[in-house]
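The next block holds one structure in the form of structure tokens; read it before the comments.
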Amino acid sequence: MDLFAFKTLLVLLSFIGCCAGNVLPPGPVDAKLGTNITLKTLIGKAELAVIIWTFKTDGEPIPVATSSSGTLQPVKEPYIGRVSINKTNGYLTLGPLTTEDSGVYTITTVAADTQTGDIELRVLVPVSDVTITSDVPEAVEHNSTVVLTCKAKGSFLKFTWLKGTTPIVPDGKHFTEKSDETSSVLTINHVLRTDLVGSIYCSVANSLETEKSAPFNLTVHYGPDEVTITPLAPPKVIRAKSNFNLTCSARSDPPATFTWYHGEQMMENSGPVLTLEVIEKHRLGAKEEAYTCKATNAKTQRTVLSPAVSFAVMEAISGAKVSGPTAILIAGNSTANLSCQATAGTVKTISWLKDGKALSAGGRHVFATDMSSMMINLLQKEDNGEYTCQLTNPVNTDKATYKMVVNYGPEGVKVEGPEAVEMNYVVELICSAPSVPPANFTWKFNEEGALDEGLSDGAIAGIVIAILVALGAAIALIVYCRQKVPVESPY
């Protein structure tokens, strides 16, 4: 049917009169480019005298296809070989589709009465080439504003930004988004490190399909922050030459560089670890002093100072020694002086113990002001025992001992045993006497053998002299008495 005949038919139908009815379902109908589409009607099985499909864009309606008395009339470009009409229900099949096929299609049917209806067909170009680009190669937290652009090919596109699998919801302040037919722009104001952690995706969809971009990553430099020294609370005094280190750490991208300070003075040491060896090399630590570290990020140009930690370095005590008397000590007669010292280390306190129990000043015990020496005056037998000198500082304790021997006795000699036993029984007698050194014991029975067994030479001589004197006195008395007694004359 030529265009003139087509227009004539339309004019004729207008005289007959027509009405809009429920001929077509609501639209639009979406179809993929290059495929076939069937525009269905709501007409049941009916005897249709005429079926006319037209296409309308901005201008006059263009005839697509006409069926009259069940016969498809000849069609013109661009529909030659691309359309068909179902004579029973008026379905229009069109394809393969081109982008020019998008528009409004109108059906006019003539049976007992005339009906018309419109439906929109949208021919969708497949979604493809979804890509993300950034206006900057890298960003600095809080300082940079990042603009991400997602572009894609296709028709009727809808853009969605994702962080991992979670949609990024624009809030109009930190995140803003603007889209057109083929692109979407996501702006991140004053970007944060968490904004771009993980992969960013752009998902593009139309009613037929969805495509997602490759993962996009952008480095956001940040820090340093949370600059701390470990240990946070070191001992107030550190043992010299021990395996002690300070470690500085910070959250930073890229990793921070570190500089160490003693008080306000920068130390010739870089890196996150400050060793005790370096501290001692600088001749530091004689008193409690503060140490800090500064963390610097070359990208963000930020420098942050850590909280300070304070401590002193002290040499451990070693080589403790106690000096005491070397002469023989006698109870009640001798005085003892003990002194204590160490060959190395700083001694803070000295304490004395005897046999594990603490000694204090008073009585016969006299201590030097610094407790480095002790005097016992006069010695008694109770002073025998082990004396310990204990040297202490905050990092260690060292000690030394001295064994004191005080001579005394023997005293309190006693014999223990049964007072009576039967004949032919074995009897045991025990003789004891406290004494240092231990006493020698000699047994006697009724003084027999006393002169040559148990008495000293002086005692024996004394006894002999006494006996001789007594014997001489007896002889003299006898002679004297004889001179005094009268002798009777025999006559």
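Here is how the numbers come out for the structure above:
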{"item": "3J(HN,Hα) from dihedral phi, the stretch 412-421, Karplus parametrisation 6.51/-1.76/1.60, rounded to Hz, x for glycine, proline", "result": "x, 5, 8, 10, 10, x, x, 7, 8, 9"}
{"item": "Karplus (6.51, -1.76, 1.60) ³J(HN,Hα), θ = phi - 60°, over the stretch 128-140, in Hz, Gly and Pro reported as x", "result": "7, 6, 7, 9, 10, 10, 10, 7, 9, x, 7, 9, 10"}
{"item": "R0 of 41 Å, Cβ-Cβ distance Asn440-Ala368: FRET efficiency to nearest 0.05", "result": "0.50"}
{"item": "Neighbourhood net charge (14 Å Cβ-Cβ; Lys/Arg +1, Asp/Glu -1) for Asn143", "result": "-1"}
{"item": "For the stretch 290-342 and the stretch 230-261, distance of Cα centres in Å", "result": "21 Å"}
{"item": "At R0 = 41 Å, FRET efficiency that the Cβ-Cβ distance of His190 and His282 yields, to 0.05", "result": "0.45"}
{"item": "Correct option for volume of the Cα convex hull per residue in Å³ [calculated from the coordinates] among (1) 146; (2) 403; (3) 169", "result": "(2)"}
{"item": "Placed amide H near Asp30: partners under 5 Å, 5+ positions off or other chain", "result": "Arg122"}
{"item": "Distant-in-sequence amide H partners of Val136 (H built 1.01 Å from N, under 5 Å)", "result": "Val147"}
{"item": "Degrees separating the helix 3-16 axis from the principal Cα axis of the chain, which is the longest one", "result": "90 degrees"}
{"item": "Candidate lysines for bridging to Lys212, where Cα separation is under 20 Å - those fewer than 8 sequence places away on the same chain excluded", "result": "Lys32, Lys151, Lys153, Lys158, Lys163, Lys178"}
{"item": "Formal net charge of residues neighbouring Arg364 (Cβ-Cβ distance under 10 Å; K, R +1; D, E -1)", "result": "-2"}
{"item": "For the chain, with +1 on Lys and Arg beta carbons and -1 on Asp and Glu, the positive-most of Ser69, Tyr402, Leu305 along the dipole", "result": "Ser69"}
{"item": "Candidate lysines - alpha carbon under 27 Å from Lys414, same-chain residues fewer than 8 apart omitted", "result": "Lys381, Lys444"}
{"item": "Paramagnetic reach from Asn396 in the stretch 295-327 [backbone N under 11 Å; point 7 Å along Cα→Cβ]", "result": "315-320"}
{"item": "Inter-part distance where the stretch 61-120 and the stretch 25-50 are each reduced to a Cα centre, Å", "result": "9 Å"}
{"item": "MRE, 222 nm, helices only [DSSP H, n ≥ 4, -39500 (n - 2.57), over the chain, to nearest 500]", "result": "-3000 deg cm²/dmol"}
{"item": "Charge dipole (the stretch 236-284, unit charges on Cβ, about Cα centre) - positive-most of Ala256, Val237, Thr275", "result": "Val237"}
{"item": "Computed accessible area, Thr187, all protein chains, 1.4 angstrom probe, square angstrom", "result": "30 Å²"}
{"item": "Which of Cys431, Cys389 is most accessible, then next, and so on - probe 1.4 Å", "result": "Cys431, Cys389"}
{"item": "Accessible area, probe 1.4 Å, largest first, for residues Glu411, Glu77, Glu289", "result": "Glu77, Glu411, Glu289"}
{"item": "Sequence-distant residues sharing a close amide H with Thr114 (under 5 Å, placed H)", "result": "Cys19"}
{"item": "Additional length obtainable on full extension of the chain from Ala111 to Lys321, 0.36 nm per residue less Cα span", "result": "62.6 nm"}
{"item": "Simple spin-label estimate for Glu289 and Glu411 in nanometres, 7 Å along Cα-Cβ", "result": "6.0 nm"}
{"item": "Using alpha-carbon coordinates, inclination of helix 457-484 to the longest axis of the chain, degrees", "result": "20 degrees"}
{"item": "Pair Glu226, Thr71: separation of 7 Å Cα→Cβ label points (nm)", "result": "8.6 nm"}
{"item": "Whole-percent carbon and sulfur share, accessible surface of the chain, 1.4 Å", "result": "55 percent"}
{"item": "Within the chain, longest stretch clear of exposed trypsin sites (Lys or Arg not before Pro) (DSSP loop, no more than 12 other Cβ within 10 Å)", "result": "288-443"}
{"item": "Per-residue HN-Hα couplings for the stretch 333-344 [Karplus 6.51, -1.76, 1.60; θ = phi - 60°; Hz; x = Gly/Pro]", "result": "10, 10, 10, 10, 10, 10, 9, 10, 7, 10, 7, 8"}
{"item": "Spin-label proximity, Lys45 to the stretch 68-91 - amide N less than 15 Å from point 7 Å beyond Cα toward beta carbon", "result": "87-90"}
{"item": "Extension reserve of the Ile328-Ile62 stretch, reckoned as 0.36 nm per residue once the Cα distance is removed", "result": "81.8 nm"}
{"item": "Lysines with Cα under 27 Å of Lys281, excluding same-chain neighbours fewer than 8 positions away", "result": "Lys236, Lys241, Lys294, Lys348"}
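The values are calculated or read from the model by the stated rules, or taken from the named source; none is laboratory data. All values reported here derive from a predicted model rather than from experimental measurement. Note that we place each Cβ from the backbone using ideal geometry, even for glycine, and neighbour counts take in every protein chain shown. Side chains included, ligands, DNA and RNA excluded: accessible areas come from the protein's heavy atoms. Shrake-Rupley method; radii C 1.70, N 1.55, O 1.52, S 1.80 Å.
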